[in-house]
Amino acid sequence: MRAIWKGAVSFGLVSIAVKLYSATEEKDIRFHQVHRADGGRIRYKRTCQVCGEEVSYDDIAKGYDIGGGEMVILTDEDFSDLPLSTSHAIDVLEFVPAEQVDPILYNKAYFLEPEGTATKPYLLLRDALTDSERVAIVKVALRQREQLATLRVREGVLLLNTMLWPDEIRKPDFGFLDEDLKIRPPELAMATSLIDSMAGDFQPDEFTDDYRAALQEVIDAKVEGREVVQPEEVEEAPAAAVDLMAALKASVERARAARGEAPAGGGAEPTPISSARSAQKKAAEKKAAKAPAKKAPAKKTAEKKTTAKKAQPAKKTAEKKATKTAKKATPRKSA
């Protein structure tokens, strides 16, 4: 990483020299505008609207439109005279509980690294913030603009979060806020049950940017010259249910089924999901009950064969005895 700013954290009478690094980076795939026919880059010229001449960066100033076609021009000298006491310092104003800072105020994040011999006071401030469970409210000037920010600890490093000013947060003004629409207690209870059934610990590594990955596949396919495979279509979301309670019940049931949990309330009214699961269970039971019955005929056949084998020797013995008796009974002829 490359440091984008150098300064010091003013912590009471303690000054901590630090370097500032961007803590985040955008992973968006960027494109250039090109000519469709030959792929040539499209360039834009900086031209003056009045004289039509191309203007270099050295001749560009900042202008403030006061309306009526009039413009106030500000030069670098005008900006240099502005009082920016925090131009090279991060001034700690106060320490507050982290939960008191509305997340909507957060803007960008930066890592702070101690510079030179400032490691020990840096670690002192880091450990003090950790023990107090508070964040520092600071002021800092980045890119010629004074900003409100917080200092907190993340993975053993001081993290600077620049914030928006309170007057930069818009007030929500929507018509439904004035409607007199009441939420019934059973609906609220079911919605709370749905939240409980889907509760978990946030693991950011489990989530990925599927669109960016698919777009990269398309680009790689173009580069390799192979056919681009169309991604599978995502199933359309079901239409909004008219019965809010039924939709909430079905959602709770689906969330519990996904976790392998038994449905709540054995005597509750069956939902489409519970009915399907019951039908599958009954079908499995019927199949299991039929399986032993098929083995019975085979067993009986074996018994018949065994009985027949036993009966055959007995029959032959009886025939032999009868023959011997007949021979004894027949008288001899006289000479």
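Values in this text are rule-based calculations from the coordinates and carry no lab data. Everything quoted here is computed from the prediction, not taken from an experiment. Cβ: placed from backbone, ideal geometry, glycine included. Neighbour counts: every protein chain shown.
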Problem - Sorted largest first, extent of the range 4-133 alpha carbons per principal axis (Å) - result: 61, 41, 34
Practice task
Quick one: which residues, 5 or more positions from Gln147 or on another chain, have an amide H under 5 Å from its amide H? H modelled 1.01 Å from N in the peptide plane, none for Pro or chain starts.
Solution key: Val140, Ala141, Leu142
Practice task
Tell me the label-point distance for the pair Arg259, Trp165, using the 7 Å Cα-to-Cβ offset, in nm and rounded to one decimal.
Solution key: 4.6 nm
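Please report the net charge: other residues with Cβ closer than 15 Å to the Cβ of Asp58, K and R +1, D and E -1.
Around Asp58, the charge tally is -3.
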Handout entry: Efficiency of FRET from Cβ geometry, Glu53 and Met245, R₀ 41 Å, rounded to 0.05
Key = 0.05
Handout entry: Amide H contacts under 5 Å for Ala23, placed H, 5+ residues apart
Key = Ala109, Tyr110, Phe111
Problem - Theoretical gain in end-to-end length, Gln203 to Ile219 [0.36 nm per residue, Cα-Cα removed] - result: 2.8 nm
Exercise for the section: For each pair in Lys62/Lys171; Lys45/Lys139; Lys19/Lys120; Lys108/Lys171, compute the distance between the two Cα atoms and list the pairs where it is over 27 Å. Expected result: Lys62/Lys171; Lys45/Lys139
Handout entry: Two-site label geometry, Gln33 and Ile73: point separation in nm, points 7 Å out along Cα→Cβ
Key = 2.7 nm
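Using 0.36 nm per residue of separation minus the Cα-Cα distance, give me the extension gain between His88 and Arg41 in nm, one decimal. Walk me through the numbers on the way to the answer.
Details: separation 47, 0.36 × 47 = 16.92 nm, distance 3.96 nm.
Using 0.36 nm per residue and subtracting the Cα-Cα distance, I get 13.0 nm.
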Handout entry: Length-normalised contact order of the range 1-142 in % [C-alpha pairs under 8 Å, at least 6 apart]
Key = 32 percent
Practice task
Provide the per-residue ³J(HN,Hα) series for the range 244-261, in order, calculated from phi with Karplus coefficients 6.51, -1.76, 1.60 and θ = phi - 60°, each as a whole number of Hz, with x at glycine and proline positions.
Solution key: 5, 5, 5, 5, 5, 4, 5, 5, 5, 4, 5, 5, 5, 5, 5, 8, x, 8
Completion exercise
Listed by chain and number, the residues whose amide H is under 5 Å from that of Val18, excluding neighbours fewer than 5 places away on the same chain and using placed H, are Gly7, Ala8, Val9, Glu115
Problem - Residue-by-residue Karplus 3J(HN,Hα) for the range 18-34, coefficients 6.51, -1.76, 1.60, Hz, glycine and proline x - result: 9, 10, 10, 10, 5, 8, 10, 8, 7, 9, 5, 7, 9, 10, 9, 7, 10
Completion exercise
Diffusion coefficient in µm²/s returned for the range 116-176 by Stokes-Einstein, Kirkwood Rh over C-alpha pairs, 37 °C and 0.692 mPa s, is 237 µm²/s
